[in-house]
Amino acid sequence: MVMPAFKTSGAAVSRLDLNLFRVMDAVYEHGGISGAARHLHLSQPAVSHALARLRRLWGDPLFVRQGNQMVPTELTRRVIGEVQAHLRGLQSLMGQADTFDPLTLNMTLRLGMRDVLEAITLPPLMASLGRVAPHVKLASVRVPRDALERSLTLGEVDLVIDRQRRVAGRIRGEHLADEDLAVLVRRDHPVQGALDVPTYFAQQHVMVTLQPEQPDPLQAVWAAQGLGEREVILRCQHYFAAANVVVASDALLTLPRTYAEQLTRALPLTLRELPVPVPPIGIWMYWHADREADPVHRWMRESVAAGARQAMHD
């Protein structure tokens, strides 16, 4: 088979996302963006965005609207057979790859995760990969929670590690661990010993959030127990920055215990128990069902899961 030619530069072709061809095929087979979106378990804007990228790559509209239908252009009708044949060929090829040697893998694994999970998960994972798959590289990227399904479906990331959340369609998930919360204070904090509830709420607090107007994520817990609100004097984007603020102030920082323990080894901080009972945070790994049977992807899932569980239980 010969891949169809693109009206674009060689550099653009080298960055081509093969998942875009799945969008092209779905729009062709279902006659429109809404049908393609349902088939791919994507939002209509995500399909429209992918189609716009394809149009730029091909230098052709690919589909034009006629009534409620998206009608293929002459170029699409000419190449769709080869596109579909390549998709089938790739699926068949992946189905044949029953065995492999991690030592021979030369690839980049793209992980969607946040900074706390990076700090917890990446050290043991990189150590393990260095022993069994030395040519595998990792790229950690931030995936917004509302983009998790789209990013996995379009192949922008291979796996996502995040808090437990509802997923639909063909997104699969596996529970990795439950993470408790703890409190960090500077070593010479005026409040010594265990924190009780009144003392905890009498202190000033630093909170980590990606959005400055986001409500306190623990407020529902406080309200359910008839407690008030914390006085949050700083909202920042990263726990390491927040921890450095705590070092230089009397403020408290509430965060996942595993990362809190790491910070006490790097900064002059002391870990205290959170005096309010809070349900543990479920940490999950997510991937797309289309990758589930791929033995390389299965090995990646097992490796990442082992690294995450080791880090959170050490």
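Just a few scattered comments:
- Taking 0.36 nm per residue of sequence separation and removing the Cα-Cα distance, the Val71/Val232 pair yields an extension gain of 52.4 nm.
- Sites His135 and Ala248 - FRET efficiency at Förster radius 35 Å, r taken between beta-carbons, to 0.05: 0.20
- Gain on full stretching of the segment that runs from Ile281 to Leu267 - 0.36 nm per residue minus C-alpha separation: 2.6 nm
- Convex hull volume per residue for the range 28-167, taking Cα atoms only, in Å³: 145 Å³
- Averaging over all projection directions, the Cα-based convex hull of the range 181-279 occupies 5.8 nm² in the image plane.
- Subtracting the Cα-Cα distance of Thr199 and Ala220 from 0.36 nm times their residue separation leaves 5.6 nm of extension gain.
- Residues within the reach of a label modelled at Phe240 (point 7 angstrom out along Cα to beta-carbon, backbone nitrogen below 16 Å), restricted to the range 115-153, are 115-124, 140-142.
- Folded to 0 to 90 degrees: helix 257-266 orientation relative to the chain principal axis, Cα: 70 degrees
- Rough spin-label spacing in nm, given labels placed 7 Å along Cα→Cβ, for Arg78 and Arg170: 3.0 nm
- For q = 0.06, 0.10 Å⁻¹, Debye-computed log10 I/I(0) when each Cα of the chain counts as one equal scatterer: -0.29, -0.72
A short reminder: the numbers here are calculations on the coordinates, not readings from a lab. Bear in mind that the values here come from a model prediction, so they are computed numbers and not experimental data. All Cβ positions, even for glycine, are placed from backbone atoms using ideal geometry, and neighbour counts span all protein chains on display.
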